[in-house]
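Enquirer: Quick one: the structure is below, questions incoming.
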Amino acid sequence: MLQKVLFILTCTTLQSAPHSFAFNYIVNDSFFYHFFMIYLNSIMITTETFFFFTEREVEKFRVAVSVPSGTRMSFLLSYEELLPRRLGRYELSLGLRPGQLVPNLTVDVSITERTGISFIKVLPLKTSRLSTCARIHYSPSLQQQSSISLKGLNADFNVQYDVDLKDPMGDVQVYNGYFVHYFAPRGLPVVPKDVIFVIDVSGSMIGPKIKQTKQAMGTILGDLREGDHFNIITFSDKVHTWKKGRTVRATRQNVRDAKEFVKRIIAEGWTNINAALLSAAQLLNPPSSGRQTSHRVPLVIFLTDGEATIGVTSGDTILSNAKKSLGLASLFGLAFGDDADFLLLKRLALDNRGVARIVYEDSDAALQLKGFYDEVASPLLTDIQLSYLENQAFDVTRSMFPNYFKGSELVVTGRVKPEVKDLWVSVSASDSKQRVKFENDVLVSHAKANNKSALFDCEDGSDGISSFVHRLWAYFTIKELLLAKLNTTDPVSQRLLTEKATNLSLKYNFVTQVTSLVVVKPDADEAAQTPTTVEVDPRTILHPALFPPCIHRKCPNIVYIQVFLAYSIFSYFLM
């Protein structure tokens, strides 16, 4: 769950000439808190530059330095992040793309889980079962690297694993006044769903996008369970519903007919987002008052590649109409390509119990669509409430969730009052038949000792977990503040939320949407020290008055970079 990464790169430039060196790295949704450039020969950098761009839901940074010949230097990057559980596993992906053969290339991965590891798979090596910890070592020789390519490795090193979590309450860890609750029950029956597929078929979808959408829909429809009900809406300037007025059971015949309907889809026309959303709401919430309450989970999967261009085009009006009409349905927005109004989809999802994702225009777009559907295809619980007594816990992050899907995980963090010895935890939710409730007490006074005991056989297994839980609470709090800011139009509220997020980001040295990286070049007298270290610190960039030309006492050269939060985790190594 916790991933802590330390990258070390040491090199020596040629004796014959000065050298320009580029250090690239990618992080996403991470606790970025340390970056050092260490110059071992008392040589300081002559120039430094940061570049920033986004690639497939990750944030990529490039720092370039020019140094005299014969200089030896080291780059050290350490960061932390919370790996999300998706489709029944955690996945760590390290990109190994040095662009050349590397004499000493080593990847060491250590995994420690208090509840135990149910399996670990190192692609494409092997699958095995372990206890509470595992170590993976990969160090290809020059010959092995050259057998792949004369330019060195150009691949991802993937590690997949899951934890052995038997307690239906999940795993609650308490350290130094902070707690984290991982909730991911296994073995529950799948709750049937009412799912409406809303597909943009406007003119901008012509070509590979509509072809890939049809391909993905063919596979998705084939995966529907017989207990599910579904319908399909296509929209451009007009809205077409496959089966008028209702959702239909996912029988073999209905699925076969739906696939034929999808095959006949033609992309043309404008984009009426508002009308499409209202049509989906009418299918899930028909006006007939005599309709019996359904135990199926209502879902709307909404895909578009553009902005609203006809009908109601005001984003605020679309948001208001959707919120009034969708009721308890969860809306999942898929922004296909760079031209989609991702901000609108994100706000729609926030308002309507869902999430938004970007589908990238690439050869694997159909797989991206199918992969997202797989994540929400199997609801196990609805209306989940994770509760903690108010006189014991405070500053608790989001603890109410509309759905829990198979293979995922819900995470709650908070603070525990000093005098509390037993933290009372309660979970209530609805499954396919009834409302269920679990309760338990966590012994706060012995939590740390119990965790260390569980990790006794793992070297350094518990190091850093205590401070990680503390920072995890801050990270989740910042994330929720920024989402709340996104979801309000009141200027006063936006300012207050921004200030709170900024203060927490600075306190915990997080690079976020409201902070930036600052590289400070040392003066000549500082460079005379051996070794010389340049550290990256976050500083606010909200307003020029808060970010004067010189932050530190001695800072003749400062370089800024703004880093935005993302919500899908993907780790990366050197490029």
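Enquirer: So if I take the centroid of the Cα atoms in segment 287-348 and the same for segment 157-199, what is the distance between those two points in Å?
Expert: 26
Enquirer: OK, next. Relative contact order for segment 280-414 using alpha-carbon pairs under 8 Å, separation at least 6, rounded to a whole percent? If you can, show how the numbers build up before the last one.
Expert: Values: 185 pairs, mean separation 25.4, N = 135.
Relative CO of segment 280-414 lands at 19 percent.
Enquirer: Quick check: from the Cα gyration tensor, does segment 80-237 come out rounded (a/c under 1.5), prolate or oblate? Each step should come with its number before you reach the end.
Expert: Working: a/c = 2.52, a/b = 1.24, b/c = 2.04.
Because a/c hits 1.5 or more and a/b fails to exceed b/c, segment 80-237 counts as oblate.
Enquirer: Once the whole set of protein chains is in place, how much accessible area is left on HIS240, using a 1.4 Å probe, in Å² to the nearest 10?
Expert: Approximately 100 Å² for this residue.
Enquirer: Report in % the part of the accessible area of segment 143-295 that belongs to carbon and sulfur, leaving out ligands and nucleic acids; probe 1.4 Å. Write down the numbers at each step before the final one.
Expert: Working: 3630 of 7300 Å².
Summing carbon and sulfur atoms, their accessible area is 50 percent of the total for segment 143-295.
Enquirer: Can you list the GluC sites (Glu not before Pro) in segment 372-417 that are in a DSSP coil and have 11 or fewer other beta carbons within 10 angstrom?
Expert: Working: sites: GLU375, GLU390, GLU409; in loops: GLU390, GLU409.
In loop regions of segment 372-417 (DSSP not H, G, I, E or B), the sparsely surrounded GluC sites (Glu not before Pro) are GLU390.
Enquirer: Taking a probe of 1.4 angstrom, what is the accessible area of ASP364 in Å², to the nearest 10?
Expert: Rounded to the nearest 10, that gives 50 Å².
Enquirer: Shape call for segment 150-232 from the C-alpha gyration tensor, a ≥ b ≥ c root eigenvalues: rounded (a/c under 1.5), prolate (a/b greater than b/c) or oblate?
Expert: On the way: a/c = 2.54, a/b = 1.37, b/c = 1.85.
Oblate, because a/c is 1.5 or more while a/b does not exceed b/c.
Enquirer: Another question about this same structure. Give me the distance in nm between label points sitting 7 Å out from Cα along the Cα-to-Cβ direction at ARG246 and HIS295, one decimal.
Expert: Those two pseudo-labels are separated by 2.0 nm.
Enquirer: Normalised by the residues of segment 280-346, what does the relative contact order come to in percent, with Cα pairs under 8 Å and at least six apart? Write down the numbers at each step before the final one.
Expert: Working: 65 pairs, mean separation 30.4, N = 67.
45 percent.
Enquirer: How much accessible surface area, in Å² rounded to 10, belongs to the heavy atoms of GLU361 with a 1.4 Å probe?
Expert: 110
Enquirer: Please express the shape of segment 269-338 as an equivalent ellipsoid: the semi-axes are the square roots of 5 times the eigenvalues of the C-alpha gyration tensor, given largest first in whole angstrom.
Expert: Equivalent-ellipsoid dimensions as semi-axes: 24, 14, 10 Å.
Enquirer: Set the Förster distance to 56 Å, then compute FRET efficiency between SER467 and THR309 from the Cβ-Cβ distance, nearest 0.05.
Expert: Working: r = 50 Å, r/R0 = 0.89.
That gives a FRET efficiency of 0.65.
Enquirer: Turning to a different aspect of this structure: So if each residue of separation counts as 0.36 nm, and I subtract the Cα-Cα distance between GLN100 and ARG186, what length gain in nm does that give?
Expert: Details: separation 86, 0.36 × 86 = 30.96 nm, distance 4.44 nm.
26.5 nm is the gain from fully extending GLN100 to ARG186.
Enquirer: On to the next question. Let's test the formula: R0 of 56 Å, r as the Cβ-Cβ distance of ASP167 and LYS214. What FRET efficiency results, to the nearest 0.05?
Expert: Details: r = 44 Å, r/R0 = 0.78.
After rounding to 0.05, the efficiency reads 0.80.
Enquirer: Under 1.5 on a/c is rounded, so check that first for segment 310-356, then, if it is not, pick prolate when a/b is larger than b/c and oblate when it is not; a ≥ b ≥ c are the square roots of the alpha carbon gyration tensor eigenvalues.
Expert: Numbers: a/c = 2.32, a/b = 1.17, b/c = 1.98.
Judged from the Cα gyration tensor, segment 310-356 comes out oblate (a/c at least 1.5, b/c at or above a/b).
The values are calculated or read from the model by the stated rules, or taken from the named source; none is laboratory data. Predicted model only: the values in this text are computed from it and were never measured. Neighbour counts run over all protein chains shown; Cβ positions are idealised from the backbone, glycine included. Accessible surface areas use protein heavy atoms only, side chains included; no ligands, DNA or RNA. Shrake-Rupley method; radii C 1.70, N 1.55, O 1.52, S 1.80 Å.
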